[in-house]
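**Q** Below are the structure tokens for one structure; questions will follow.
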Amino acid sequence: MKICIAFAMHEVFHETPTMPALHVRPELRHAAEEILRPGEMLSAFVEDSLRRNVELRRAQQEFIARGLASRVAARESGEYVSAKKVLSKLSAKLKKAQAKQSLK
């Protein structure tokens, strides 16, 4: 059996555009309800989840776009950075961050 949470979403978003009805299995709805913070509504949890995933997907798209642009620029210029050099720089950054964290 699936449960529609569109009614819960309607309570908060009655003056703003609504999302299509979201049908979920009872187990998923129960799991979501179990982790709600005091006073938090399921609709707010769903909106927050949607917002975070939109931000994540945008960041992923921008990351891919930067990588593709970098590839084009490298091909046009003929200038490439070796994987060894990149990994070396990343390793140095990681060590610096770890040292900074250990001071806290």
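The values are calculated or read from the model by the stated rules, or taken from the named source; none is laboratory data. These numbers were taken from a predicted model, which means no experiment stands behind them. Cβ coordinates were reconstructed from backbone atoms using ideal geometry, including for glycine residues, and neighbour counts include every protein chain displayed.
**Q** Is there any pair with a first residue in region 77-99 that is within 18 Å of Gly67 (Cβ to Cβ) and a second that is of a type in the set (Gly, Ala, Ser) whose Cβ atoms are under 8 Å apart and which are 6 or more apart or on different chains, and what are they?
**A** As it stands, the answer is Tyr80/Ala74, since those pairs meet every condition given.
**Q** Continuing with the same structure: Restricting region 28-58 to residues that are of a type in the set (Gly, Ala, Ser), out of contact with any Leu (no Cβ under 9 Å at 6 or more places or on another chain) and closer than 24 Å to Pro17 by Cα, which is surrounded by the most Cβ atoms within 10 Å (Cβ to Cβ)?
**A** Ser43
**Q** Looking at this structure, is Ser88 at pLDDT 95 or above and part of a helix (DSSP H, G or I)?
**A** Judged against the criteria, Ser88 is a match.
**Q** Let me ask you something else. Is one or more of the residues making up region 76-84 part of a helix (DSSP H, G or I) and surrounded by 10 or more Cβ atoms within 10 Å (Cβ to Cβ)?
**A** no
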